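S.K.: Attaching a single structure in structure tokens format; questions to follow.
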Amino acid sequence: MGSLPGRRLRLSQVSRWFLVILLVCLTPMAPSAATPQSAGAGPREGCGGTDLARFLTVPTWSIRATERFEFTADAGFTTNGVSSREQRTALQTVTVEGFVRRVERDEDSAEWIGEGTLTLVIQDRGSLDGRIKDIGSATYTTSGRANGRVRAEFWMAVDAERGKFEFQVRALEPIQVMETNEAGETTTRPREAVFLGVRELLPESAMLISGQSATSKPVSNLFGTASGHRNELTEWTLAPGPVDDLDCWIMPFPGYADWMPNPLGQGLAKEVPVQVEIQPKPGKKLDRSLCQLVFTMVDTSREPGLCLNKEAPEGLDAEFLPGAGITLSKQNQRAVLEVAKGKRQGEARVKLHDFGAWTRVKVLALFDDGTSREAEVKTWGGQAFQLPLDTNDNHIADAWEKEHGVMGLAATEDDEAVDGNANQGDGLSAYEEYRGLLLGGTHTRDMAPLNGRKPLSPKHKDLLVVDHTAGVAKPGYAYFQDLSKVTTIPVSPEDLPADALVNQHAQYAHLGDQHGVKVKSTAVAPDRTRPTWAGATVAKSGGKITESPGKTEEILIAPEFLRGQVEAQLAQAPAPYTFADQLKETVAHELGHAVGVPHHGDTHAGSATSFDYAVKEAATHPLNAQTLPGWSFFDWKVGVFDPKQLTRQPADEDIGKSPCESSGDIHCVMAYRQTPQWAQHYDERRDKYLFYHVQPFRIGDRFCTSAAGTEWNASGNALPSFFGDALEGRGNCFAKIRVKDF
Ligand SMILES: [Ca+2]
Ligand SMILES: [Ca+2]
Ligand SMILES: [Ca+2]
Ligand SMILES: [Zn+2]
Ligand SMILES: [Zn+2]
């Protein structure tokens, strides 16, 4: 570390300068925050004992500190005449790192000076971009973020008599903050020179000086006119100078690379050791004794809930556990372990409280001669032990990314795509799919594949179906999954809230609220206006039944009513389906509505042509599909009817007019096949209407990919197309499937 360039100040000058600054800049802090609680066993002699003069013996200290300012507007605000009703937060983070060397020492006090770096990051998360120029010579950005690093000078003092320490950090290069308003006008103002000042009590035991302080105070005139809060959090670690004649390793526990947090699991799933070991470098002797290991968590997540659908007490998602020789800080984010003399290793245990928890643990080893050393992670490198292993820093365990073949994707990614469908995504970000849901007590990460697909993956669209049918409709969910390529996950009503919101307890990488679909069974036909229908989809008020799951109130199906219908049909004549077939098709059809798919037409029936024509034509022109040339399929037939055999006249609602709900591709689950039973066509040559009778046909086996009619709806048959192509804009149902709510 070089001396302060161009300003070789004598100690007296430095002190005076800092005295002035201290008066102006120091924020009073609660001493309790900085004073570690004493270990149960009491301080040991090895790490310096309790005599405060021990701090004066340290020739060099490494200093690391961060200061976060957060300005939050409570409600709306006005900036430069532009009003916004949105909230706005501006975050400013200052990080400093450096070393100080002792320049003066007497009986009760000592001073150190040195140099390091100061990094400033500004994030303005308002809806009006307070575009802030970078500091120093760094680049201008328009995204409301600025980053920059400058050199800084450090000063530290210990007053052993009063039991206090102080340190100050001042930038050595000018810093400008530039703000651009909506009109593009730029204002530049200098940033105050002193960034960080701490004056606190010395710890009663140990050599490490570390702590934090937090303040929050109301402010007015924020971002113009808003009232709000200024929150400030300062954290610091001052450690005796480092040694490099030994290695200090964090030893990852077995299975670390594949580990993911599971707070409800056993053993390592919810509680992991952070093991640290020191070894002399090759050819060196260990001539100092380890006395303390300081474990510190950095950047611990604080997601609401336990996973997307389960509540949990408020708090950080990871903490150190108590143990022999361990002293814990507030919120258990720091554990200080007193190491027994002669031992070269120690561990602290971390407990996880969230399926999507993340944290990083840093460890500082302190030795009996006032030196220290930061641990490195064996094999993985770096000084931060990640939980879970996350080399791409997206807060998704790399093990999960590998398992799903999506290594390196962004946490916010939601672009699952299916050929033939442009509605990408399922409304759940990659991180949300990873964090998952607890379904029937099993986490989605631990669930077996459903019909060949692992639930919740960024590789495919997922839809949650809240099953209120006691499983009766389940074959329909699997069938819908087959045809739609949307992984369909049945869940119990108790696993999602009443509105079927899937990502209820979300925060990080949350894109929007995504809902599932509720499926309920009824004893009677669910729609009084359509008394023959066994299924219905009900829209939320203000929505349409064919928008997305979030606009769908529920699906109603009447299994026993449907069974009666099918059994009555089968008793009259054979048909190429069973009740089970009809049930699963009904469920798939209604789920189709819930993910945005309409019918092939809007009209159900409504011919005014009288039945007499039908009878007359049938009598004079009996048509038999099996005798028509060029037909290659016989699983449907044109009715050959003798009026005398007709037991029932086709009513108006039985006669379809194209385009109607029976038009288009009849293999599509959205097409109607059983009703209407009659197609009507005007025959110019005869100047008569001809009526064609549709017989029972097998259930749909696809979401169609075109509006074109198939089978009896196709053009080019020997008979005219019965119901024609789907209504304009309808058909191609596969392309209309839309899971994402927003
Ligand atoms: Ca990752
Ligand atoms: Ca997704
Ligand atoms: Ca997905
Ligand atoms: Zn329908
Ligand atoms: Zn279709």
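S.K.: Applying the Karplus parametrisation 6.51 cos²θ - 1.76 cosθ + 1.60 with θ = phi - 60° to the phi angles of the stretch 355-368, what ³J(HN,Hα) value in whole Hz is obtained for each residue in order, glycine and proline being reported as x?
M.R.: 5, x, 4, 9, 7, 10, 10, 10, 10, 10, 9, 10, 10, 5
S.K.: Kindly identify the stretch 417-476 as rounded, prolate or oblate by the Cα gyration tensor criterion: order the square roots of the eigenvalues as a ≥ b ≥ c, call it rounded if a/c is under 1.5, otherwise compare a/b with b/c, prolate if a/b is larger, else oblate.
M.R.: oblate
S.K.: Given H placed on each backbone N at 1.01 Å, which residues far from K518 in sequence or on other chains put an amide H within less than 5 Å of it?
M.R.: Those lying under 5 Å, H to H, from K518 are V466, I555.
S.K.: Order of D701, D354 from fewest to most other C-beta atoms within 10 Å?
M.R.: D701, D354
S.K.: So if each residue of separation counts as 0.36 nm, and I subtract the Cα-Cα distance between K459 and F69, what length gain in nm does that give?
M.R.: Stretched out fully, the K459 to F69 stretch lengthens by 136.5 nm.
S.K.: Sort the stretch 432-555 into rounded, prolate or oblate with this rule: let a ≥ b ≥ c be the square roots of the eigenvalues of the Cα gyration tensor; rounded if a/c is under 1.5, and if a/c is not under 1.5, prolate when a/b is larger than b/c, oblate otherwise.
M.R.: Prolate shape, in that a/c is at least 1.5 and a/b is the bigger ratio.
S.K.: At R0 = 35 Å, how high is the FRET efficiency between E728 and D513 if r is their beta carbon distance? Nearest 0.05 is fine.
M.R.: Taking R0 as 35 Å, the efficiency between E728 and D513 is 0.60.
S.K.: Would you mind computing, in nm to one decimal, how far apart the modelled labels at E271 and R344 are, each placed 7 Å from Cα along Cα→Cβ?
M.R.: That separation, rounded to one decimal, is 2.9 nm.
S.K.: Further question: With a Förster radius of 25 Å, plug the Cβ-Cβ distance of S492 and R563 into 1/(1 + (r/R0)^6) and report the FRET value to the nearest 0.05.
M.R.: In this case the efficiency is close to 0.55.
S.K.: Moving to a separate point now. Across the stretch 385-399, in residue order, what do the Karplus-derived ³J(HN,Hα) couplings come to in whole Hz, using 6.51 cos²θ - 1.76 cosθ + 1.60 with θ = phi - 60° and x for Gly and Pro?
M.R.: These are the phi-based 3J(HN,Hα) values: 8, 7, 10, x, 4, 8, 5, 9, 6, 9, 6, 10, 4, 4, 4 Hz.
S.K.: Please list 3J(HN,Hα) in residue order for the stretch 451-461, calculated via the Karplus relation 6.51 cos²θ - 1.76 cosθ + 1.60 where θ = phi - 60°; whole Hz, with x for glycine and proline.
M.R.: For the stretch 451-461, the Karplus curve yields 6, x, 10, 5, x, 6, 9, x, 7, 9, 6 Hz.
S.K.: Test of understanding: ordering S429, S721, S220 by Cβ neighbours within 10 Å, fewest first, what list do you get?
M.R.: Ranking S429, S721, S220 by Cβ neighbours within 10 Å, fewest first, gives S220, S721, S429.
S.K.: Can you give me the distance in nm between label points at D258 and K351, each placed 7 Å from the Cα along the Cα-to-Cβ direction?
M.R.: With each label placed 7 Å out from Cα toward Cβ, I get 2.7 nm.
S.K.: Same structure again: Could you give the length gained on full extension between T119 and R698, defined as 0.36 nm per residue of separation minus the Cα-Cα distance, in nm?
M.R.: Length gained, T119 through R698: 201.5 nm.
S.K.: Considering amide H positions built from the backbone, and no H for Pro or chain starts, which residues 5 or more places from T603, or on another chain, come under 5 Å of its amide H?
M.R.: Those lying under 5 Å, H to H, from T603 are E661.
S.K.: Sort L316, L286 so that the residue with the fewest other Cβ atoms within 10 Å of its own Cβ comes first and the one with the most comes last.
M.R.: So the ranking, lowest neighbour count to highest, is L286, L316.
S.K.: Just subtract the alpha-carbon distance of A539 and N231 from 0.36 nm times their residue separation and send over the number in nm, one decimal.
M.R.: Residue separation times 0.36 nm, minus the Cα-Cα distance, leaves 106.4 nm.
S.K.: Classify the stretch 506-598: rounded, prolate or oblate, from the alpha-carbon gyration tensor (a ≥ b ≥ c, eigenvalue square roots; a/c under 1.5 rounded; otherwise prolate if a/b is larger than b/c)?
M.R.: Cα axes put the stretch 506-598 in the prolate bin.
S.K.: Report, by chain and number, residues whose modeled amide H sits under 5 Å from the one on M447, excluding near sequence neighbours (fewer than 5 apart, same chain).
M.R.: Placed amide hydrogens put nothing under 5 Å from M447.
S.K.: Quick check: the distance between the Cα centres of the stretch 436-472 and the stretch 300-375, to the nearest angstrom?
M.R.: Spelled out, the Cα-based centre of one part sits 33 Å from the other.
S.K.: Efficiency by 1/(1 + (r/R0)^6): what FRET value for D51 and D415, r their Cβ-Cβ distance, R0 = 56 Å, to the nearest 0.05?
M.R.: Result of the calculation: an efficiency of 0.35.
No value in this document is a laboratory result; all are computed from the given coordinates. Keep in mind that this is a model prediction, so the values were computed, not measured. Note that we place each Cβ from the backbone using ideal geometry, even for glycine, and neighbour counts take in every protein chain shown.
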